[in-house]
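So the structure is just underneath, and the comments pick up after that.
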Amino acid sequence: MKKLTTKKLSVAPKPNRFVIVVYSDTHINDAMGLLAPEIGMSWGGSYTANVPQAQWTWPKWLEFCELAKSIAARKPNTKFIAVGDGDLGELDLKRRSINVLSRNPNDILHMMTTTLSPLTSVVDRNYVIRGTEAHGGLSNWIEELFAGKIGAEPLKLTEAINKKDADGKEEPSNLQYARWDMLFDWGGVLVDISHHMRIAGREWSVGSPAVTVCKESIITYTEGGMRVPNLIVRAHVHHNYDSFEASPICRVVTTVGWQIGETRGLAIPYLKRIDPVFRPRPIGGIILEIDDKEYKVHKFISMPPQRIPESWSENT
């Protein structure tokens with residue numbers, strides 16, 4: 001009798017290491033936002049980045065992307081993930097400035113995909129979170145378009161009403177490509193990511209918003225009978241907030257964003273109106289490294305070029 005042999009099926013190992021890159025507040029389409037050196041526009045010409053965009057934010061963005069790739073490459077079987085945490089484009093619905101580059105949605109979408117591609121094109125998965133409607137439009141439609149354009153991981157609205165086409169694929173109407181928040185268990189570490197949070201009005205109280213979010217989240221999750229996140233990430237405030245060891249079970253960190261606040265005579269008009277004091281605002285993002293149920297927070301932060309005081313000259 002012929003002996004039967006069984007062939008073992010190879011099963012891909014389950015990843016236990018994740019590298020999650022969180023970037024936010026790029027405000028692409030604003031003259032002070034992140035932008036690639038030169039962008040072709042729908043009217044046939046092109047926009048060339050200004051000096052701080054070309055010499056500061058763009059090189060630092062590329063440096064940030066390279067740092068993320070190097071951290072992801074340190075170990076095999078690593079999942080490389082990017083999360084765009086809101087205010088990625090700029091529509092300026094409140095008309096606070098005349099410094100937007102285009103009102104054409106196709107131009108804005110092209111600027112976003114081109115500028116962010118050094119990161120979004122190399123990761124295993126992209127996620128996009130909606131930000132502020134004043135920047136992204138009602139329900140942040142520009143971020144929804146951007147998320148669909150780059151093939152971001154969609155969010156199924158509900159399992160109960162899933163509809164599929166003839167090929168068995170989900171109908172687009174039943175998917176959201178940009179989401180309001182994320183609650184993910186990556187390798188045993190529970191991470192809560194959303195855009196908005198409170199802001200501190202004074203430099204000497206910059207740590208308090210992160211501690212507040214930390215304590216409120218512990219109460220909210222516990223009272224809801226849910227597991228408290230190990231790590232909470234927020235954006236929007238353009239500040240480096242960190243609750244550090246305010247709690248042994250939960251830490252809150254923020255991304256500082258990529259919009260130029262003020263440097264070498266250029267400034268966001270709205271910021272100068274609400275806060276005339278010169279404040280050098282940093283740019284940067286966060287890289288989360290999760291391995292064997294432990295996490296590290298790598299902060300990439302760059303301060304603007306030093307402001308040089310003007311001096312008297314007989315020739316001026």
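The set of residues in region 82-120 being small (G, A, S) and within 15 Å of the chain's Cα centre (by Cα) consists of A82, G84, G86, G89, S117. Is it the case, given these coordinates, that K79 is at pLDDT 90 or above, more than 18 Å from V297 (Cβ to Cβ) and basic (K, R)? So K79 fails the test.
Take the conditions (1) on the phi < 0 side of the Ramachandran plot; (2) out of contact with any Phe, Trp or Tyr (no Cβ under 9 Å at 6 or more places or on another chain); (3) of a type in the set (S, T, N, Q); (4) at pLDDT below 95; S208 misses just one of them, which is (2). For region 92-147, a residue qualifies if it is surrounded by fewer than 17 Cβ atoms within 10 Å (Cβ to Cβ), modelled with pLDDT of 95 or more and small (G, A, S), and the qualifying residues are S117, S121. Picking from residues in region 38-62 that are of a type in the set (A, V, I, L, M) and modelled with pLDDT under 95, the one that is surrounded by the fewest Cβ atoms within 10 Å (Cβ to Cβ) is V51.
With respect to L62, determine if the residue is under 25 Å from A178 (Cα atoms), in contact (Cβ under 8 Å) with a residue 24 or more places away in the chain, assigned to a helix (DSSP H, G or I) and in contact with a helix residue (DSSP H, G or I) (Cβ under 7 Å, 6 or more places away or on another chain). Considered against the rule, which asks whether it is under 25 Å from A178 (Cα atoms), in contact (Cβ under 8 Å) with a residue 24 or more places away in the chain, assigned to a helix (DSSP H, G or I) and in contact with a helix residue (DSSP H, G or I) (Cβ under 7 Å, 6 or more places away or on another chain), L62 comes out as yes. One residue alone among K75, K79 is surrounded by fewer than 23 Cβ atoms within 10 Å (Cβ to Cβ), among the basic types (K, R) and within 20 Å of the chain's Cα centre (by Cα), and that residue is K79.
Taken together, the residues in region 280-290 that are surrounded by fewer than 19 Cβ atoms within 10 Å (Cβ to Cβ) and farther than 13 Å from T255 by Cβ amount to 1. Answer yes or no as to whether L35 is surrounded by 14 or more Cβ atoms within 10 Å (Cβ to Cβ), in a loop (DSSP other than H, G, I, E, B) and touching a helix residue (DSSP H, G or I) at 6+ places or on another chain (Cβ under 6 Å). Here the answer is yes, as L35 does meet what is asked.
Scanning region 239-257 for residues that are closer than 16 Å to S208 by Cβ and either out of contact with any helix residue (DSSP H, G or I) (no Cβ under 8 Å at 6 or more places or on another chain) or not in a strand (DSSP E or B) (or both) gives H239, N240, Y241, S243, F244, E245, A246, S247, C250.
Filtering S70, S24 for residues that are at pLDDT 95 or above, out of contact with any strand residue (DSSP E or B) (no Cβ under 9 Å at 6 or more places or on another chain) and among the polar types (S, T, N, Q) leaves a single hit, S70.
The values are calculated or read from the model by the stated rules, or taken from the named source; none is laboratory data. Source: prediction; values computed, not measured. Backbone-built Cβ (ideal geometry, glycine too); neighbour counts: all protein chains shown.
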